[in-house]
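Here the structure is laid out as structure tokens; the discussion comes afterwards.
The values are calculated or read from the model by the stated rules, or taken from the named source; none is laboratory data. In this text, all values refer to a predicted model and were calculated from it rather than measured experimentally. Note that each Cβ is placed from the backbone with ideal geometry, even for glycine, and that neighbours are counted across all protein chains shown. Remember, those area values only see protein heavy atoms, side chains included, never the ligands or the DNA or RNA. Shrake-Rupley method; radii C 1.70, N 1.55, O 1.52, S 1.80 Å.
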Amino acid sequence: MTEQPVDVDPGGQNVAGEAPAAEPEAVTADTTVHDDDVELERTIGLVGGLAIGIGTMIGAGIFVFPGLAANNAGLAATVSFAIGGVIALLVALPTSELATAMPRSGGGYYFISRGMGTAYGAIVGLGLWLGLMFASAFYLVGLGHYASAVFAELGVGLSFSPVTGIGLLFGVVLTALSIGGTENTATLQNVVVGILLVVLTGFLSYGVLDAVGVFGRGSVPGAFFSRGHFPVLTTAALVFTSYLGFAQVATVAGEIKQPGRNLPLAMVGSVLVVTVFYVVTIFVATSAFGANRLGQFGETAMVEVARDFLGLPGAVAILGAGLLATFSSANASILSASRAVYALSRDALLPRKASEVNLRYGTPHVALLAAGGPILVLVATGQVELLAEVASFLHLIMYGLMCVALIVLRRRNPEWYSPSYRVPGYPVVPAVGALASFGLIAFMQPASIGIGVGVMLVSYLWYRYYAGDVTLKGDI
Amino acid sequence: MTDRPPILVPIRVLEGESVPEGVPTLLANAHVVLLGYHVIPEQTAPGQAQMQFEERAKDRLDEYEAIFEEAGATVERRLVFTHDGQKTIDRTITEHDCLAVLVPNATGAVEDVFVAVRGTVGVDRLARVVAGVFGAMDASITLYHVAENEETDEDIGTLLDGLVERLGDRGIDTSTIETRVERDRDPLDAIVDASAAFDVVVMGETDPSLATFVFGMPATQVANRFLGPVLVVQREPAPNQREE
């Protein structure tokens with residue numbers, strides 16, 4: 001067993017007089033070792049890591065965005081998803097290298113705070129926490145749309161739109177479950193992701209065969225760039241929320257077994273898998289109806305696509321899958337948000353109290369409430385596209401900075417930085433990854449950019465006020 | 001004492017489990033690998049639990065370590081925060097080459113030891129544990145075997161005599177060793193019934209089979225019904241398993 005020494009020494013104190021928690025001594029394949037023989041067990045394997053990545057991502061890209069994306073970009077929405085996938089891959093590769101060098105909880109926040117210093121770390125860390133809340137809220141609104149579609153399917157006429165109400169309800173349920181539930185949910189997550197992949201593979205295979213005319217119907221042809229070229233990029237910016245999940249794998253890097261092998265495989269693997277699924281989905285969906293009609297169906301367009309192919313059973317299957325997928329995405333994001341709060345509080349950027357563990361359930365109730373509470377406010381806005389874009393904005397800032405952090409670390413090459421996986425194509429891949437991440441932001445709506453910049457500004461001011469003396473940067 | 005068998009004593013340190021009465025004396029001649037572990041739900045990062053509970057857990061382990069050392073054992077300790085207690089126990093067994101795991105239950109003074117002998121496989125490790133732990137004690141040892149249908153008396157004789165001889169080689173007074181054989185019974189029930197009158201049980205780990213997945217490992221079932229301490233002797237680790 002190879003032991004990897006950890007030699008970063010955080011220091012300083014925040015306003016409340018709390019210092020960052022001590023760093024561990026070493027990282028092994030099975031544990032993180034602290035002094036005096038205290039160990040933190042690593043329990044998540046490759047399958048678990050992949051399930052976290054895919055489970056977080058697939059809910060959005062397949063079940064919420066096809067209608068919206070087709071409405072914005074036409075058939076060329078396929079390209080938008082492909083662009084998103086390429087950018088995600090360009091970031092996932094450098095993230096893998098950083099994660100194998102620093103397999104600790106907190107993911108992107110940890111890499112950036114250690115590689116580039118506390119100020120950047122604080123902006124990214126607080127941004128990650130808030131970004132995950134925006135993402136969770138987005139998934140919950142999507143869940144609301146699916147649940148409403150179930151009502152519509154059952155013929156229950158409601159005089160009001162139940163979308164927001166259902167989203168709020170599930171937000172409360174999820175937060176309560178994660179605080180009070182101590183059942184083993186990881187296995188469940190693996191099963192859910194497995195079911196989703198099987199259902200989608202079956203459905204998409206049928207769809208592809210149908211689209212190329214095997215069943216004798218032929219596809220609805222449409223001009224590829226029916227909305228022009230520019231919307232392809234704005235749509236890519238919008239749907240990038242579908243690619244946020246691989247960074248969630250890095251958030252639990254401290255719990256992944258054999259991190260040197262499993263982290264890169266889980267991150268790159270989940271990006272590749274979902275990219276293929278997304279592109280095929282959009283292709284199938286647009287060829288079934290043409291972009292114009294698909295766009296009119298909105299968030300639950302996939303249900304109509306399934307109905308068109310397979311009748312009522314198809315619609316029911318996709319409704320069920322949509323509920324499962326958006327639920328699991330929201331759940332994974334709330335848990336990641338709570339991990340982010342823990343990482344910040346460990347480093348004294350948030351009060352230590354924030355990561356306190358509940359004595360009865362052993363769960364971090366303060367961190368979970370700090371994630372679940374604001375999510376409800378965000379869900380109440382019901383703005384799917386805005387929530388998605390702000391979530392993407394905050395993540396893209398982190399992605400870009402992770403690529404920069406990698407270049408900084410490679411150039412300074414400190415003694416403690418010894419990743420077991422090295423990104424191919426250095427320095428081109430991380431440089432292009434950073435440029436692409438920052439570049440994509442330019443194509444977002446002004447409102448999303450405004451909110452995103454606001455969050456960053458507040459994060460920076462919080463750092464100056466609360467933890468200006470804390471140093472987290474590794475010795476480089 | 002040159003050959004102290006390493007014995008794992010796993011304790012859920014923050015859930016009120018402590019070192020039961022009699023156990024320190026029982027393991028006075030062993031090398032105790034004291035594993036304090038705390039199982040946390042998945043919503044919680046192990047480091048988060050560590051930040052909050054490390055001090056308390058360490059204080060308790062300090063106490064337990066002192067108790068074992070006072071009784072005469074050598075002690076090595078670990079404190080682990082984990083999502084999966086079984087994985088932690090299995091890993092610690094491998095990393096510290098533990099010969100046996102103790103299921104910690106209370107006992108009085110140890111006067112008679114019940115050793116369930118399954119077959120020739122692992123007999124050497126069984127002998128090391130029994131001789132190492134009970135060699136210097138004034139205890140009588142009963143070797144117990146439940147015969148299978150096709151086993152002849154001769155086979156059984158060879159098996160048990162061989163073990164007695166090994167124990168003798170390791171410095172045990174063979175006159176304190178008794179052997180008992182039973183036939184035509186379900187081994188598990190037989191062991192539970194026969195061991196009831198003894199102070200401590202030593203038995204081997206069995207191969208995992210479908211039945212063990214459904215009903216739990218026989219060793220666990222025996223421990224649940226026996227109520228006293230059980231030493232579960234571990235299988236020889238497969239040579240290439242460690243570099244997985």
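Structure above, values below:
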{"item": "Check on B:Glu55, more than 23 Å from the chain's Cα centre (by Cα), facing chain A (nearest Cβ under 7 Å) and not β-branched (Val, Ile, Thr)", "result": "no"}
{"item": "Single residue of region A:30-67 satisfying the filter (modelled with pLDDT under 80 and either in a loop (DSSP other than H, G, I, E, B) or farther than 30 Å from A:Gly207 by Cβ (or both)) that is most open to solvent (accessible area, probe 1.4 Å)", "result": "A:Asp36"}
{"item": "Among (1) within 11 Å of chain A (Cβ to nearest Cβ); (2) touching a strand residue (DSSP E or B) at 6+ places or on another chain (Cβ under 8 Å); (3) surrounded by 22 or more Cβ atoms within 10 Å (Cβ to Cβ), the one test that B:Thr44 misses", "result": "(2)"}
{"item": "Failed condition for B:Arg4, given (1) more than 14 Å from chain A (Cβ to nearest Cβ); (2) basic (Lys, Arg); (3) crowded, with 20+ Cβ neighbours inside 10 Å", "result": "(3)"}
{"item": "Residue satisfying all of: in region A:277-303; of a type outside the set (S, T, N, Q) and open to solvent by 50 Å² or more (accessible area, probe 1.4 Å); farthest from A:Gly194 (Cα to Cα) among these", "result": "A:Arg293"}
{"item": "Leading residue by the ranking (farthest from B:Val200 (Cα to Cα)) among those in region B:15-41 that are more than 11 Å from chain A (Cβ to nearest Cβ) and of a type in the set (Ser, Thr, Tyr)", "result": "B:Ser18"}
{"item": "When residues of region A:103-116 are limited to those that are more than 19 Å from A:Leu244 (Cβ to Cβ) and open to solvent by less than 10 Å² (accessible area, probe 1.4 Å), the one nearest to the chain's Cα centre (by Cα)", "result": "A:Pro103"}
{"item": "Any hit, region A:74-85, residues being over 30 Å from A:Ala291 (Cβ atoms) and not basic (Lys, Arg)", "result": "no"}
{"item": "Selection from region A:386-423 of residues that are of a type outside the set (Gly, Ala, Ser), modelled with pLDDT under 90 and surrounded by fewer than 19 Cβ atoms within 10 Å (Cβ to Cβ)", "result": "A:Arg412, A:Asn413, A:Pro414, A:Glu415, A:Trp416"}
{"item": "Residue satisfying all of: in region B:218-242; β-branched (Val, Ile, Thr) and buried (at least 16 other Cβ atoms within 10 Å of the Cβ); modelled with the lowest pLDDT among these", "result": "B:Val222"}
{"item": "Filtered residues of region A:361-400 (kept if β-branched (Val, Ile, Thr), closer than 27 Å to A:Thr234 by Cα and in contact with a Ser or Thr (Cβ under 6 Å, 6 or more places away or on another chain))", "result": "A:Ile375, A:Val390"}
{"item": "Residue match in region A:191-205 (condition: more than 14 Å from chain B (Cβ to nearest Cβ), touching a Ser or Thr at 6+ places or on another chain (Cβ under 7 Å), open to solvent by 10 Å² or more (accessible area, probe 1.4 Å) and without any contact (Cβ under 8 Å) to a residue 60 or more places away in the chain)", "result": "no"}
{"item": "Enumeration of residues in region A:31-55 that are more than 7 Å from every other protein chain (Cβ to nearest Cβ) and polar (S, T, N, Q)", "result": "A:Thr31, A:Thr32"}
{"item": "Matching residues in region A:369-380 - criterion: being modelled with pLDDT of 90 or more and crowded, with 21+ Cβ neighbours inside 10 Å", "result": "A:Ile375, A:Leu378, A:Val379"}
{"item": "Near pairs, Cβ below 6 angstrom, 6+ apart or cross-chain, from region A:20-37 (among the polar types (S, T, N, Q)) to any residue that is surrounded by fewer than 21 Cβ atoms within 10 Å (Cβ to Cβ)", "result": "A:Thr28/A:Met1; A:Thr28/A:Glu3"}
{"item": "Restricting region A:261-294 to residues that are among the small types (Gly, Ala, Ser) and modelled with pLDDT under 90, the residue that is farthest from A:Leu75 (Cα to Cα)", "result": "A:Ala288"}
{"item": "From the options B:Thr107, B:Thr74, B:Thr142, residue that is away from chain A (no Cβ under 14 Å), open to solvent by 40 Å² or more (accessible area, probe 1.4 Å), in contact with a strand residue (DSSP E or B) (Cβ under 7 Å, 6 or more places away or on another chain) and among the polar types (S, T, N, Q)", "result": "B:Thr74"}
{"item": "Failed item in (1) closer than 25 Å to A:Ser148 by Cβ; (2) surrounded by fewer than 20 Cβ atoms within 10 Å (Cβ to Cβ), with A:Leu265 passing the rest", "result": "(1)"}
{"item": "Some residue of region A:317-328 being more than 30 Å from A:Tyr466 (Cβ to Cβ), of a type in the set (Ser, Thr, Tyr), within 14 Å of chain B (Cβ to nearest Cβ) and assigned to a helix (DSSP H, G or I)", "result": "yes"}
{"item": "Region A:342-365 residues that are facing another protein chain (nearest Cβ under 9 Å) and open to solvent by less than 20 Å² (accessible area, probe 1.4 Å), paired with ones that are charged (D, E, K, R) and part of a loop (DSSP other than H, G, I, E, B) (beta carbon under 7 Å, 6 or more apart)", "result": "A:Pro364/A:Glu356"}
{"item": "In region B:7-40, the residues that are open to solvent by 20 Å² or more (accessible area, probe 1.4 Å) and within 30 Å of A:Arg339 (Cβ to Cβ)", "result": "B:Arg12, B:Leu14, B:Glu15, B:Gly16, B:Glu17, B:Tyr37, B:His38, B:Val39"}
{"item": "Selection status of A:Phe138, within 18 Å of the chain's Cα centre (by Cα) and either within 14 Å of chain B (Cβ to nearest Cβ) or touching a residue at least 12 places away in the same chain (Cβ under 8 Å) (or both)", "result": "yes"}
{"item": "Sole exception among (1) open to solvent by 10 Å² or more (accessible area, probe 1.4 Å); (2) part of a helix (DSSP H, G or I) for A:Ala92, by number", "result": "(1)"}
{"item": "Qualifying residue in region A:16-25 (condition: at the interface with chain B (Cβ under 10 Å from one of its Cβ atoms), at pLDDT below 75 and on the phi > 0 side of the Ramachandran plot)", "result": "no"}
{"item": "Flag for B:Asp62 being more than 29 Å from A:Ala371 (Cα to Cα) and within 14 Å of another protein chain (Cβ to nearest Cβ)", "result": "yes"}
{"item": "Count of region A:67-112 residues which are under 27 Å from A:Tyr146 (Cα atoms) and in contact with a Cys (Cβ under 7 Å, 6 or more places away or on another chain)", "result": "0"}
{"item": "Selection from region B:176-192 of residues that are open to solvent by 70 Å² or more (accessible area, probe 1.4 Å), modelled with pLDDT under 90 and over 10 Å from B:His145 (Cα atoms)", "result": "B:Asp184, B:Arg185, B:Asp186"}
